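The values are calculated or read from the model by the stated rules, or taken from the named source; none is laboratory data. Computed from a predicted structure; not experimentally measured. Cβ coordinates were reconstructed from backbone atoms using ideal geometry, including for glycine residues, and neighbour counts include every protein chain displayed.
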């Protein structure tokens, strides 16, 4: 029910810091914009009115400092300062430190910046407006924790715009002689780094070194470079490390037109999820807030609740569906973690490799809300519009026409048909020649014998006009192709898709998810997949690498009305699968949990036999 947000949001608070030499003489929080009708209490002391302050900020600009908390912690430990008691921090909470202690840690970073300013020629004594997160995300005049949290949650959602509006951005990490452009830099792996650096016109690289310190202790110096040059260095490092999503993002930031919004949004989303995981934030609560302002359409800040990161991301992609196709994201995501209740069609994205970075959507997918009936609450689903689907069979069927449809039976077919027709003509002639009591029974026996012969030949072969999925643990030795050969000797050589082709790879195999094999019985081509439950269908999502990436689904085959499917795995298949697929209208992939996967071993087979798909613990 939300709307687009306006662009160009400004920070609500800044720090006005007075420097003298390498020391901070004073610092105080000021409002960026004077609000009419609110009175002079919002105006900094000594200023005639808020408009004067705003003019000073616009003339000088403000400096935004980008850093990782880990680096600030290292500085704080070197300073030998102590933290305040933290009675307000609850076990299992989202924050390691209280606000007061986070401000004390960030203050050491501000002090380090004051000492490093002397290495910049144009940095003189006087005032400078600075945006530093722990001091500028909320009003320091309020003391109510709930109100402070509300301010901070709102302000975090516009960080990209705050750094976009900064005249210069200071980039810092604690690693010695690090220039912050490599992917191994602690700063470069933060979720919010992309929004903090993508559009700044000037970068101040604050680097720690022993080179300029007579005492051989680490001290910081600042190198000023254009933002475009800094991003070019990041792009080169990303290419060297084969981080193609980051490379794509930096290339798009140059506005060269070589990277479309479709490709750039995909890279931003996948890289943001990767960084969140690398920074040990697996719940992705700030995912939407970090991406807000980087995509063509922004969300209203109150619509990004920061409770479910997948929900915020789904909302952003819905706002930007004119620029991005969610099928691309669905095509590269692994299976969702067990603790994900909703949005189970997503998961941790895989990284592209050379040859598999090609990704072109074959369908259009939109995150929407679905209600099964009026009595059911709405649930988030992925609506895949107009896909081609393939039915997966769980069982092999004997080919009753195996005598006629298998090239191996060509000679036997000729001889058997020839003998049958010769005998048929002879017995018809005998019956017509006045011996119907002899010719009739013989004619019946010959026809019966030939029919039995056809059926016997059919038991040797299986029908080859379908895709079948076999769970590896149900076959002897977990060799599905050898088991298939025991059922039909015509499968004399395994042809595994992906053994030589460049295809993407998703999850590992057992214990969860467990291994299954998809086999095209027409050609004998097999594909390995990791699933959480045996699928009964798949839909084609994208051309991915050398093949077609499909989502494996568990669908209710007995449901006639509109229903939802569950994602149980991903697979990449040969291109000819599109010729075998059928139009499926619209497919809804829901958040309904798919149930427990079958574990390996005899016990699991016994449990499956007794309980079916139910959890034996129930």
Next on the checklist: Pairs please, first residue from region 131-150 and at pLDDT 90 or above, second anywhere and surrounded by 15 or more Cβ atoms within 10 Å (Cβ to Cβ) and part of a loop (DSSP other than H, G, I, E, B), Cβ atoms under 6 Å, 6+ apart in sequence or on different chains.
Outcome noted: 131/11
Next on the checklist: With the structure loaded, tell me whether residue 118 is touching a helix residue (DSSP H, G or I) at 6+ places or on another chain (Cβ under 6 Å) and either outside any helix (DSSP H, G or I) or over 18 Å from residue 68 (Cβ atoms) (or both) or whether it fails that test.
Outcome noted: no
Checklist outcome for this item: From the option list 322, 288, 293, single residue qualifying as part of a loop (DSSP other than H, G, I, E, B) and in contact with a helix residue (DSSP H, G or I) (Cβ under 8 Å, 6 or more places away or on another chain) is 293
Checklist entry - Is it the case that some residue within region 42-53 is modelled with pLDDT of 85 or more and under 29 Å from residue 293 (Cα atoms)? => result no
Next on the checklist: Kindly evaluate residue 457 against the criterion of being closer than 21 Å to residue 487 by Cβ, surrounded by 14 or more Cβ atoms within 10 Å (Cβ to Cβ) and touching a helix residue (DSSP H, G or I) at 6+ places or on another chain (Cβ under 7 Å).
Outcome noted: yes
Next on the checklist: residue 501 - would you say it is surrounded by fewer than 18 Cβ atoms within 10 Å (Cβ to Cβ), over 30 Å from residue 357 (Cα atoms), over 23 Å from the mean Cα position of the chain (by Cα) and in the same structural domain as residue 579 (by TED's automatic domain parsing)?
Outcome noted: no
Checklist entry - Which residues, taken from region 57-69, are assigned to a helix (DSSP H, G or I) and in contact (Cβ under 8 Å) with a residue 24 or more places away in the chain? => result 57, 60, 69
Item to check | Selection within region 325-374 - surrounded by fewer than 17 Cβ atoms within 10 Å (Cβ to Cβ), assigned to a loop (DSSP other than H, G, I, E, B) and either free of Cβ contacts under 8 Å to residues at least 60 places away in the same chain or touching a strand residue (DSSP E or B) at 6+ places or on another chain (Cβ under 6 Å) (or both) | outcome: 337, 338, 339, 371, 373, 374
Checklist entry - Mind checking which residues of region 409-429 are touching a helix residue (DSSP H, G or I) at 6+ places or on another chain (Cβ under 6 Å) and closer than 21 Å to residue 455 by Cα? => result 409, 413, 420, 423
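Quick grid of which residues meet (1) modelled with pLDDT of 80 or more; (2) in a strand (DSSP E or B); (3) surrounded by 17 or more Cβ atoms within 10 Å (Cβ to Cβ):
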residue: 390; (1), (2), (3): yes, yes, yes
residue: 418; (1), (2), (3): yes, no, no
residue: 422; (1), (2), (3): yes, no, no
residue: 434; (1), (2), (3): no, no, no
Item to check | Within region 461-498, tally of residues that are over 22 Å from residue 569 (Cβ atoms), outside any loop (DSSP other than H, G, I, E, B) and either under 35 Å from the mean Cα position of the chain (by Cα) or touching a residue at least 60 places away in the same chain (Cβ under 8 Å) (or both) | outcome: 3
Checklist entry - With respect to the numbered conditions (1) out of contact with any helix residue (DSSP H, G or I) (no Cβ under 7 Å at 6 or more places or on another chain); (2) modelled with pLDDT under 90; (3) surrounded by 15 or more Cβ atoms within 10 Å (Cβ to Cβ); (4) within 29 Å of residue 85 (Cα to Cα), which one is the sole condition not fulfilled by residue 107? => result (2)
Item to check | Within region 243-259, considering residues that are in a loop (DSSP other than H, G, I, E, B) and at pLDDT below 90, the one nearest to the chain's Cα centre (by Cα) | outcome: 259
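One line per residue, one yes/no per condition, for (1) farther than 19 Å from residue 390 by Cβ; (2) loosely packed, with under 14 Cβ neighbours inside 10 Å; (3) modelled with pLDDT under 90:
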position	(1), (2), (3)
481	yes, no, yes
511	yes, yes, yes
527	no, no, no
534	no, no, no
538	no, no, no
542	no, no, no
555	no, no, yes
577	no, no, no
Next on the checklist: So for region 263-278 (the condition being outside the structural domain of residue 570 (by TED's automatic domain parsing) and assigned to a loop (DSSP other than H, G, I, E, B)), does at least one residue qualify?
Outcome noted: no
